[in-house]
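Written out below as structure tokens is the structure these notes cover.
The values are calculated or read from the model by the stated rules, or taken from the named source; none is laboratory data. Every value quoted in this text rests on a predicted model; they were computed, and no experiment measured them. No Cβ is skipped: glycine too gets one built from the backbone with ideal geometry, and neighbour counts run over all protein chains shown.
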Amino acid sequence: MTTVISAEGLVKTFGSTKALDGLDLHVEAGEVHGFLGPNGAGKTTTIRVLLGLIRATAGAVRLLGGDPWTDATELHRRLAYVPGDVTLWPSLTGGEVIDLLGRLRGGTDPARRVELLDRFELDPSRRCRTYSKGNRQKVALVAAFASDAELLVLDEPTSGLDPLMEAEFAAAVAEERDRGRTVLLSSHILSEVEALCQRVSIIRAGRTVRSATLDELRRTRTTLVTAELTGPPNTLDRVPGVHDIEYDGTTLRCRVEAEHLNDLLLALTAAGVRSLVSRPPSLEELFMAHYRDDTVGVSR
Amino acid sequence: MTGFAALVRLIVRRDRLALIVWVLVAGLLPSAVVAATVAGYPAEADRLAFAATALVNPAELAARGPVFAPTVGGLTAWTFTSSGTLLGGLISIVLVVRHTRADEQAGRRELIGAGVVERPAPLAAALAVVVGANLAVAAVVAAGLLTSGMAVAGSVALGLAVASGGIAFATVGAVAAQLVEGAGAARGIGIIVLGVAFALAAVGDVGGSAAIWVSPIGWARHVQAFADEQWWVLGLFVAGAAFVAAVAFALSARRDVGGGLLPARRGPSTAPPLLRSPFALAWRLHRASIAAWTAGLTMLGLLFGAAMSSLGNQLDTPAFRSFADAFGGGSVADVFFRFVLYVLAQVVAAATIASAMRMRNQEVDGLADAVLTTPVSRARWAAGHLACTAIGAVLMLAGLGLGAGIAYGTPLDVLGTTTAYVPACLVFAAIAVAATGWTPRAAGVLAWTLLAATLVIDLLGEFRLVDRAVMQLSPFVQTLQPLTIGSGLVVSLVLLVALAAALTAAGLAGLRRRDLGT
Ligand SMILES: Nc1ncnc2c1ncn2[C@@H]1O[C@H](COP(=O)(O)OP(=O)(O)O)[C@@H](O)[C@H]1O
Ligand SMILES: [Mg+2]
């Protein structure tokens, strides 16, 4: 596999604000890569660096084998971009914008254009000034999907779409993935990323806090254990890999790393167990933990 | 009406600077006209002669209506009423649309609508502020004229006539804002109504017909300030504005927020074959304003040319003769004409700066990103816009020259004079480009300030208040002087073009190396 995007130690400062603070991002050809982070984490800033619209203060970036700043014009032949806040020329119609962007990129597939317009229920004869945010986003999405770019860079592309259109969007991205296109999908919504991406990079405050496949994330997470005990569990604090121990009378709650589950069970049976419930945390809890900068559910 | 007071405060807060500038400038203009009239036509015989020629000059009748009294007051009212009403009407339309339809279109109206605001409150608040500002203009006009020693009745009548015109067009703007979904289209409808009203007043006064009575601009003229004031005409304004405002409120109650009564016009669902380059896109974005400016300047040129060709007598007063001598000599009409074209060229420079700043506006609005993330380089994107700016400058000045020249009887001479200002205008566009490249956030302020400073220096120079050497810094002076002397024009123009090219190249270099959208 070839690397489509590689960024290492990216730093970007705007005056005194540090928007990126040593961010790493690696995207391989053919993958749909989730780029997750709370609002203000630096997703848009990273993408604008990748597109050569702004220059990183420090760090190394490569995009499609080139330098996104010096080779911008050449590289843009091979990618299509949908910004998070789509603005369009008020006096042009949606159809005109789609055609114009397509021609600037070097051609659109007319059949695909018709199909996409139909799918996203977009009226291309309306002036852009009359479009809602969602409709403006659809114009940019149709233009991007109808291009034959090998890389799609999508910045929170569903923030204005209704649930039905979100589903259409997900289906379209899945098709692009099957066609072998690479997609960088920024989002702050977990479910969207979970359904579409093989790998995710989670960023917070301009720094990558985790980059892994979704499977890895699922495997490495900890288990939540709730046990009702018959006696005091004296030895618990000596069991490795157990965190967040809480007592409520005879009820114990704690979190344990997968490889230490056996040790915990031995300690519990030594104390005497009346009932036991264990469950894995949802991915949601996992992501929330990363977002909040504590270590709940995260094993490193 | 719940929310009304809060909205009024919000509007005043957002526009306080513009409102203050408008009220003071429009309000104090008549006092300046009084001073100019006293200086230019000191004797009653001068004023009588002036009025006599103005009354038989169709261009003057069309643009300003009849002179009702050959007194200082009468000539002041004649000079100020039409242009004051046009200015007040234009600002009123723009402001009302800005605080009604533009807010709705931007989604701000929904934020307000979700709060504790009754349905008609936003429209009522916008109208209240604009009506209040027009009345403030009336108060300043009257106060200024009284201070200049003018009669009470005439001062009040002139203030109220102009303010009533503004208020009438504010209500027109309110109706337009209900009709269509786009703020631009609403403004357009308002301005077309303003244009039709002006045309009706022009036709009415040239032909002496009743057409003036269907036009608020006609009404404002025929209040006859300082000439046996016709107070009842102000009643027409009250009735007319109340009726049109009622229509606006009725329409606003009948439609959805964000919706219009006229369906939004559809457009082509595919792009025309030529829309395939950054230049083609830039041309689409610039062409409407270039066409409007060119048409407006051509008409202005026709009007001035016609006025000038019959103005020889009016202008032949000692005051103007000494002005003409100071301004290079020749017949008073020729000199005055050259001066008018010089001032209008400065207007074109303003339009050219606005056009050059469109590039920066596209960037700030996020529209540059859309083009620059396709295989289009920054230089090529900028070149598309700048080509349109240059074409616009040429078309505007050529239109002005042709219009003025045809009406004056010497089309090619005048065309040559006006197009000689193309390089001067391009220098100001290039200043805007250089600033866009290197100090993008201050670009607009910088370019406009430099133009304003140049105009002020030119003006002070006419009155010998600035050193000649300082005046030489002005690109307009660098063009006017060789035009007046009759030699050295080519060298001047080549130097100005070279300066514009250097500034543009510097701007593009800056644009290539900086972050976009910040
Ligand atoms: N042009 C700018 N000037 C100043 N600060 C900026 C600018 N662009 C982004 N930032 C700041 O950088 C941080 C990251 O922003 P952004 O990349 O837009 O986050 P995200 O897209 O993840 O929501 C935010 O704190 C934001 O305020
Ligand atoms: Mg963002």
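Looking only at residues in region A:2-35 that are within 12 Å of ligand 1 (Cβ to nearest atom) and out of contact with any Lys or Arg (no Cβ under 8 Å at 6 or more places or on another chain), which one is nearest to the other protein chains (Cβ to nearest Cβ)? Of everything passing the filter in region A:2-35, A:Phe14 is nearest to the other protein chains (Cβ to nearest Cβ).
Do we find that A:Pro83 is touching a residue at least 40 places away in the same chain (Cβ under 8 Å), surrounded by 17 or more Cβ atoms within 10 Å (Cβ to Cβ), of a type outside the set (A, V, I, L, M, F, W, C) and facing another protein chain (nearest Cβ under 8 Å) in this structure? Spell out how you get there, then give the answer.
Values: touching a residue at least 40 places away in the same chain (Cβ under 8 Å): yes; surrounded by 17 or more Cβ atoms within 10 Å (Cβ to Cβ): yes; of a type outside the set (A, V, I, L, M, F, W, C): yes; facing another protein chain (nearest Cβ under 8 Å): yes.
Yes.
Residues being away from chain B (no Cβ under 11 Å) and closer than 21 Å to B:Leu511 by Cα are represented in region A:44-51 by at least one member. For the criterion of being away from ligand 1 (no atom under 16 Å from the Cβ), of a type in the set (A, V, I, L, M) and more than 13 Å from every other protein chain (Cβ to nearest Cβ), A:Ala111 passes. Please verify whether A:Pro90 is under 30 Å from A:Leu286 (Cα atoms) and modelled with pLDDT under 95, treating the condition exactly as stated. Spelling it out, it is not the case that A:Pro90 is under 30 Å from A:Leu286 (Cα atoms) and modelled with pLDDT under 95.
Of the set (1) within 30 Å of B:Thr76 (Cβ to Cβ); (2) within 14 Å of chain A (Cβ to nearest Cβ), all apply to B:Trp213 but (2). For A:Leu101, all conditions in the list (1) within 16 Å of ligand 1 (Cβ to nearest atom); (2) aliphatic (A, V, I, L, M); (3) touching a helix residue (DSSP H, G or I) at 6+ places or on another chain (Cβ under 6 Å); (4) facing another protein chain (nearest Cβ under 9 Å) hold save one; what is the number of the exception? Against the list (1) within 16 Å of ligand 1 (Cβ to nearest atom); (2) aliphatic (A, V, I, L, M); (3) touching a helix residue (DSSP H, G or I) at 6+ places or on another chain (Cβ under 6 Å); (4) facing another protein chain (nearest Cβ under 9 Å), A:Leu101 comes up short only on (1). Does any residue of region B:115-122 turn out to be over 22 Å from the mean Cα position of the chain (by Cα), assigned to a loop (DSSP other than H, G, I, E, B) and either within 14 Å of chain A (Cβ to nearest Cβ) or among the acidic types (Asp, Glu) (or both)? Yes, region B:115-122 has at least one match. The single condition from (1) within 14 Å of chain A (Cβ to nearest Cβ); (2) free of Cβ contacts under 8 Å to residues at least 12 places away in the same chain; (3) not aromatic (Phe, Trp, Tyr) that B:Leu412 fails is (1). When the residues of region A:88-97 are filtered to those that are touching a helix residue (DSSP H, G or I) at 6+ places or on another chain (Cβ under 6 Å) and of a type outside the set (A, V, I, L, M, F, W, C), the one that is farthest from B:Leu275 (Cα to Cα) is A:Pro90. You will find that of A:Ser147, A:Ser159, the residue that is facing another protein chain (nearest Cβ under 10 Å) and small (Gly, Ala, Ser) is A:Ser147 and no other.
Within region A:136-167, work out how many residues are within 16 Å of ligand 1 (Cβ to nearest atom), among the polar types (S, T, N, Q) and in a loop (DSSP other than H, G, I, E, B). Qualifying residue count for the region: 2. Pairs linking a residue in region B:490-518 that is modelled with pLDDT of 95 or more to a residue that is part of a helix (DSSP H, G or I) and within 16 Å of ligand 2 (Cβ to nearest atom), with Cβ atoms under 7 Å and 6 or more positions apart or on different chains, do not occur. Scanning region A:58-80 for residues that are more than 10 Å from every other protein chain (Cβ to nearest Cβ) and either β-branched (Val, Ile, Thr) or within 19 Å of the chain's Cα centre (by Cα) (or both) yields A:Val61, A:Leu63, A:Thr70.
Residue-by-condition table, conditions (1) within 16 Å of ligand 2 (Cβ to nearest atom); (2) β-branched (Val, Ile, Thr); (3) touching a strand residue (DSSP E or B) at 6+ places or on another chain (Cβ under 9 Å):
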{"site": "A:Phe14", "(1), (2), (3)": "yes, no, no"}
{"site": "A:Thr17", "(1), (2), (3)": "yes, yes, no"}
{"site": "A:Leu23", "(1), (2), (3)": "yes, no, yes"}
{"site": "A:His26", "(1), (2), (3)": "no, no, yes"}
{"site": "A:Glu31", "(1), (2), (3)": "no, no, yes"}
{"site": "A:Asn39", "(1), (2), (3)": "yes, no, no"}
{"site": "A:Thr45", "(1), (2), (3)": "yes, yes, yes"}
{"site": "A:Val49", "(1), (2), (3)": "yes, yes, yes"}
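For every residue, the table says whether it meets (1) under 17 Å from A:Val27 (Cα atoms); (2) outside the structural domain of A:Gly22 (by TED's automatic domain parsing); (3) small (Gly, Ala, Ser).
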| position | (1), (2), (3) |
| --- | --- |
| A:Glu168 | no, no, no |
| A:Val183 | yes, no, no |
| A:Arg199 | yes, no, no |
| A:Gly206 | no, no, yes |
| A:Val209 | yes, no, no |
| A:Asp237 | no, yes, no |
| A:Glu246 | no, yes, no |
| A:Leu252 | no, yes, no |
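Here is the figure for region B:178-236: residues that are over 21 Å from B:Arg101 (Cα atoms) and in a loop (DSSP other than H, G, I, E, B) total 13. Within region A:195-214, the residues that satisfy the criterion of being under 30 Å from A:Glu121 (Cβ atoms) and either surrounded by fewer than 18 Cβ atoms within 10 Å (Cβ to Cβ) or without any contact (Cβ under 8 Å) to a residue 12 or more places away in the chain (or both) are A:Ala195, A:Gln198. Taken together, B:Trp232, B:Trp219 contain a single residue that is closer than 23 Å to B:Gly74 by Cα, in contact (Cβ under 8 Å) with a residue 12 or more places away in the chain and more than 14 Å from chain A (Cβ to nearest Cβ), which is B:Trp219.
Is it true that A:Ser187 is among the hydroxyl-bearing types (Ser, Thr, Tyr) and surrounded by fewer than 20 Cβ atoms within 10 Å (Cβ to Cβ)?
Working: among the hydroxyl-bearing types (Ser, Thr, Tyr): yes; surrounded by fewer than 20 Cβ atoms within 10 Å (Cβ to Cβ): no.
When the stated conditions are applied, A:Ser187 does not pass them.
Applying the condition of being more than 17 Å from A:Leu92 (Cα to Cα) and loosely packed, with under 14 Cβ neighbours inside 10 Å to region B:258-290 and asking which residue is nearest to the other protein chains (Cβ to nearest Cβ) yields B:Gly259. Pairs linking a residue in region A:7-23 that is closer than 13 Å to A:Val49 by Cβ and among the charged types (D, E, K, R) to a residue that is within 15 Å of ligand 2 (Cβ to nearest atom) and assigned to a strand (DSSP E or B), with Cβ atoms under 8 Å and 6 or more positions apart or on different chains, are A:Lys12/A:Ala19; A:Lys12/A:Leu20. Only a single item in (1) more than 20 Å from A:Leu23 (Cα to Cα); (2) within 16 Å of ligand 2 (Cβ to nearest atom) is not met by A:Arg181, and it is number (2).
For region A:39-67, filtering for residues that are crowded, with 23+ Cβ neighbours inside 10 Å and away from ligand 1 (no atom under 13 Å from the Cβ) leaves 2.
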